[in-house]
1. Could you please tell me which pairs satisfy a Cβ distance under 8 Å, a separation of 6+ or placement on different chains, a first residue in segment 126-142 that is touching a residue at least 12 places away in the same chain (Cβ under 8 Å) and of a type in the set (Val, Ile, Thr), and a second residue that is outside any helix (DSSP H, G or I) and surrounded by 11 or more Cβ atoms within 10 Å (Cβ to Cβ)?
2. Inspect segment 163-171 for any residue being small (Gly, Ala, Ser) and either out of contact with any strand residue (DSSP E or B) (no Cβ under 6 Å at 6 or more places or on another chain) or surrounded by fewer than 14 Cβ atoms within 10 Å (Cβ to Cβ) (or both) and give the result as yes or no.
3. When you scan segment 134-170, how many residues do you find that are under 19 Å from ALA115 (Cβ atoms) and either of a type in the set (Asp, Glu) or touching a Pro at 6+ places or on another chain (Cβ under 8 Å) (or both)?
4. GLY148 is checked against (1) of a type in the set (Gly, Ala, Ser); (2) modelled with pLDDT under 95; (3) out of contact with any Leu (no Cβ under 7 Å at 6 or more places or on another chain) and fails just one. What number does that condition carry?
5. What is the residue count in segment 156-171 for residues that are of a type in the set (Val, Ile, Thr) and in a loop (DSSP other than H, G, I, E, B)?
6. Tally up the residues in segment 143-162 that are closer than 18 Å to ASP89 by Cβ and in contact with a strand residue (DSSP E or B) (Cβ under 7 Å, 6 or more places away or on another chain), please.
7. Among residues belonging to segment 172-188 that are of a type in the set (A, V, I, L, M) and not in a strand (DSSP E or B), point out the one that is nearest to TYR14 (Cα to Cα).
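The values are calculated or read from the model by the stated rules, or taken from the named source; none is laboratory data. Predicted model only: the values in this text are computed from it and were never measured. A quick note on method: Cβ atoms are made from the backbone with ideal geometry, for glycine too, and the neighbour counts reach across all protein chains shown.
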Amino acid sequence: MSAEPGGALVVPLYYDFASSLCYVTHRVMGQLAGELSGLGLELDWQPIDLSALRGLRRGAPLRPADRERVEVVSGDLGVGLRIPSRWLDSRPVLAAAAAVPAERAATWRERVWTAIYEEGRPPETPEAVAALARDLDLALEPIVLEAGAARVARNTEAARDDEVTGVPTFQLGRWPFGGIQQRDTMLRVFQRYARKAREGALSPP
C-alpha cells in the first residue's frame with residue numbers, strides 16, 4: 001500500500017491479459033469504481049507475465065477444469081466473455097501496457113480486453129499490437145516497447161517477492177488477496193482494508 005497526496009490509498013493489482021479471470025475483474029472493478037473512489041482507494045494495475053512467474057506453457061490448450069471455473073465465476077458475476085481455447089502469449093500487449101503513457105493506460109487495457117474477450121482477436125504479435133495502437137492513435141516505437149517489456153519483468157519479480165501465485169491479485173499492504181468474488185464481498189474487503197490502513201492497524205509492507 002502507498003498513499004498519494006490527499007490521502008488516497010493506492011492498491012497494486014497484478015494482472016495478465018492472458019487470464020480470463022483478470023478480464024472479469026476488469027469489468028467488476030469498473031462497476032465498483034464509484035465505491036472505491038468513495039473509500040479513497042485507487043487501483044494501480046501492474047502487468048505481470050504469469051507464464052514466467054508460474055512456468056505456464058504459452059499456447060497450451062486450456063484445461064476443461066480451468067474453463068469451467070471461469071464459466072462459473074463469470075456467470076455468477078454476470079460478466080459475459082469469449083474464453084480463449086489456449087493460454088495466450090500476452091508478452092506483446094503486456095509490454096505495451098507498461099509502455100503507454102500513464103494517462104492512456106486505462107484506455108489501452110480496455111482496448112486489449114475487448115479485442116481478446118469480446119471480439120475473439122487475441123493480439124499476440126507485434127503487428128497485432130501495432131494495429132490496436134493505431135485504433136487509439138498511439139505510437140509505440142520498438143525502443144519504447146523494449147522498455148515496457150523490461151518493466152513487466154521487474155513487475156513479475158516484484159510479484160514473486162510479494163508471494164503472488166496467480167492473477168488477479170490485489171496487494172493489500174503486505175498481504176496478497178487473490179481472485180475475484182461477488183461485488184458485495186469485494187467491497188467489504190476494501191472497506192475493511194481502507195479502515196485499518198487509515199487507523200494504522202496494518203503492519204508496513
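1. VAL129/PRO123; VAL129/LEU140
2. Pass one, segment 163-171, residues small (Gly, Ala, Ser): 166.
Adding the requirement that they be either out of contact with any strand residue (DSSP E or B) (no Cβ under 6 Å at 6 or more places or on another chain) or surrounded by fewer than 14 Cβ atoms within 10 Å (Cβ to Cβ) (or both) leaves none.
No: segment 163-171 contains no residue that is small (Gly, Ala, Ser) and either out of contact with any strand residue (DSSP E or B) (no Cβ under 6 Å at 6 or more places or on another chain) or surrounded by fewer than 14 Cβ atoms within 10 Å (Cβ to Cβ) (or both).
3. Adding up the residues that qualify gives 4.
4. Here GLY148 clears every test but (2).
5. In the first step, residues of segment 156-171 are kept if they are of a type in the set (Val, Ile, Thr); the result is 156, 164-165, 167, 169.
Now drop any that are not in a loop (DSSP other than H, G, I, E, B), which leaves 164-165, 167.
Going through segment 156-171 one residue at a time, the tally reaches 3.
6. Final tally of qualifying residues: 2.
7. First pass over segment 172-188, keeping only residues of a type in the set (A, V, I, L, M): 172, 180, 186-187.
Keeping just the survivors that are not in a strand (DSSP E or B) gives 180, 186-187.
Numbers: ILE180: 12, MET186: 16, LEU187: 18 Å.
Residue satisfying both the conditions and the ranking: ILE180.
Conditions tested, residue by residue: (1) out of contact with any helix residue (DSSP H, G or I) (no Cβ under 6 Å at 6 or more places or on another chain); (2) of a type outside the set (Asp, Glu).
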site	(1), (2)
ASP66	yes, no
SER74	no, yes
ARG86	yes, yes
PRO92	no, yes
ALA96	no, yes
ALA99	no, yes
ALA105	yes, yes
